[in-house]
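All remarks here apply to the structure that follows.
The values are calculated or read from the model by the stated rules, or taken from the named source; none is laboratory data. Quick caveat, the model's predicted, so the values are computed rather than measured. Counting neighbours? That spans all protein chains shown, and the Cβs are built from the backbone with ideal geometry, glycine included. Heavy atoms of the whole protein, side chains included, go into the accessibility calculation; ligands, DNA and RNA do not. Shrake-Rupley method; radii C 1.70, N 1.55, O 1.52, S 1.80 Å.
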Amino acid sequence: MMNFLNGTISPWFIIPMLAFFISLAFPTILNLLSKLNSKSAKNLPPSPPKLPVIGNLHQLGNLTHHTLQSFAQTYGPLMVLHFGKVPVLVVSNAEAAREILKNQDHVFCNRPHRKMFDIFWYGSRDVASAPYGHYWRQVKSICVLHLLSGKKVQRFRRVREEEAMIMVEKVMESCGSLKAVNLTDLFSDVTNDIVCRSVIGRRYEGSVLRGPMSMLEEFLGASVIGDYIPWLDWVGRVNGMYGRAKCVAKQLDEFLDEVVDEHVRMRNHDGDVVNGGDMQNDFVDILLEIQKTSSTTDFQVDRTIMKALIMDMFGAGTDTTLAVLEWAMTELLRHPNAMQKLQDEVRSVARAKTHVTEEDLNEMTYLKAVIKEILRLHPPSPILIPRESMQDTKVMGYDIAVGTQVLVNAWAISTDPSYWDQPLQFQPERFLKSSIDIKGHDFELIPFGAGRRGCPGIAFAMVVNELVLANTVQQFDWTVPAGVVGDQTFCLSETTGLTVHRKLPLLALASPHVKSSK
Ligand code: HEM
């Protein structure tokens, strides 16, 4: 018994008490030991040292693809980092990418949950951020079948050619004033106008979308600590980040509601179109048509789904295409021989025409090589949109646990000297005699990802890139403005964020091309 007077405890009390507590703790101790045992038996990929709580988050820097590439030189093509408590598998060579995106695509086809996707895409009800499953399959097939397949992309040919002509006219006006053209703004307008007209039937230029969309980009580029350390989620509430994001999302939502209402007003009570114009054939019209017929099927397209899908097309389709065009003109200005070669090809195919049309593009092999080289050297998403493993698995002999996030460093792969000669040089010629393509079958070049979560917008993006670039170089000779501005033109500094583009706007002087008299 306990002797409260002298402070000693009788052994007849201690022994049974100890036995009691050990018997209570026994299962927990066994569990811990077995966990430790199985952990040591597991063959985990190499990892750089990490800090408690934040893991490796502090080491990522602004240009994550560069940091991860240099880590891979020490830790190998498959390594595990820790972002807070989340294990992140980083993939840095083509063999490992093939294993993840092809051989085990069924395991790695989930997307991790992200706060910002929830805020801007209606609880991740779009294609890009939806978890893998029935819902994702339905919405992806709607986008592919009705907007992004090769055949559907053809339907918007007139829109693209008109917008390319408008762009050329704008450059022509600037030639008179001898002012440098802001190619970043020019390409931003043309890519946004093309996507807007195809998706919502109206032009983007000057629209209320401009401000909120550029803020959306900023929010997507920001680190949200609560995504990796859930108990710190309050930080985003206290510092006002979530509040500001919700405010921007509300502005976008109001705009999207207005767009859907506008389209609904064009229809009668039965949902049939009563008025013509551009509006009849855009993506929103198609979604309303599907909504009309989907009441009899198991998948209903409601207004929220429509708005999430429209936002996806804006979010995924505009900034990426703009980045390719900006980098293409940057590299062409830095490499006058390549510019000349491209202009010779474009001008000889288009002959006397004032504008390049989409038919002409088939004959432009150097143009296609230039765009591929840009996607290799400056992939707009240098790290593919993150994936997540849906079950425990083994990759190249390493054990990977369910719930591990996966970052594929597409830029590290497409600049890896084991596959590419002089990988950091801009050499479009390398593609003239090569069968390597960008469609996700050749894992040394995967700017659009691969497998079931691969980009469905390849056909849409490639034709916009080719048409706009060909028209930009056909009618004009481009030079670099002298002095400080010239340095800016050649600058290769990159922005941070999901899509990486030039840090500084691209400025260049245009002069109308004078045809030789031969
Ligand atoms: C040069 C332009 C583009 C590039 C470089 C690009 C790149 C990518 C990449 C890397 C992914 C993730 C792939 C993966 O996880 O394996 C992706 C997904 C996606 N892209 Fe693109 N993209 C471009 C243009 C477009 C366009 C024009 C659209 C539509 C209008 C689009 C719509 C999407 C969608 C909806 C997804 C999500 C697919 C899914 O999760 O199932 N993209 N894109």
message: Using only Cα atoms and rounding to the nearest 10 degrees, what angle (0 to 90) does helix 303-317 make with the longest principal axis of the chain?
response: 70
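Of the peptides 66-78, 99-111, how do they stack up when ordered by the mean number of other Cβ atoms within 10 Å, highest first? Don't skip to the answer; put the middle values down first.
Working: 66-78: 17.5, 99-111: 19.8.
Output ranking for 66-78, 99-111: 99-111, 66-78.
State to the nearest 20 debye the size of the charge dipole of the stretch 129-235 about its Cα centre, where the only charges are +1 on K and R beta carbons and -1 on D and E beta carbons.
Details: 14 positive and 13 negative charges, 151 e Å.
Using Cβ point charges on Lys, Arg, Asp and Glu, the stretch 129-235 gives about 720 debye.
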query: Accessible area per residue, 1.4 Å probe, Å², for the chain: what's the number?
result: 47
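Only loop residues by DSSP count here, and only those with at most 14 other Cβ atoms within 10 Å; note down the GluC sites (Glu not before Pro) in the stretch 278-373 that meet that.
On the way: sites: GLU289, GLU326, GLU331, GLU345, GLU358, GLU359, GLU363, GLU373; in loops: GLU363.
For GluC sites (Glu not before Pro) across the stretch 278-373 that sit outside H, G, I, E and B with at most 14 neighbouring Cβ atoms in 10 Å, the list reads GLU363.
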- prompt: Straight-line reach from LYS372: which lysines have a Cα under 19 Å away, not including same-chain ones fewer than 8 places off?
  reply: LYS341, LYS433, LYS439
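Could you tell me what percent of the accessible area of the chain is made up of carbon and sulfur, with a 1.4 Å probe and every protein chain present?
Details: 14350 of 24350 Å².
C and S atoms contribute 59 percent here.
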- prompt: Can you pull out the GluC sites (Glu not before Pro) in the stretch 397-469 that DSSP calls coil and that have at most 11 other Cβ atoms within 10 Å?
  reply: none
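Using a 1.4 angstrom probe with every protein chain in place, what is the largest-first accessible-area order of ILE438, ILE385?
Final ranking, largest accessible area leading: ILE385, ILE438.
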message: With angles folded into 0 to 90 degrees, how steeply does helix 241-265 sit against the dominant principal axis of the chain? Use alpha carbons for both and round to 10.
response: 50
query: Out of residues 5 or more away from ARG267 or on other chains, whose amide H comes under 5 Å of its own, with H placed 1.01 Å from N in the peptide plane?
result: VAL274
- request: Mind pulling the angle between the C-alpha long axis of helix 134-143 and the longest principal axis of the chain? Nearest 10 degrees, somewhere in 0 to 90.
  value: 10
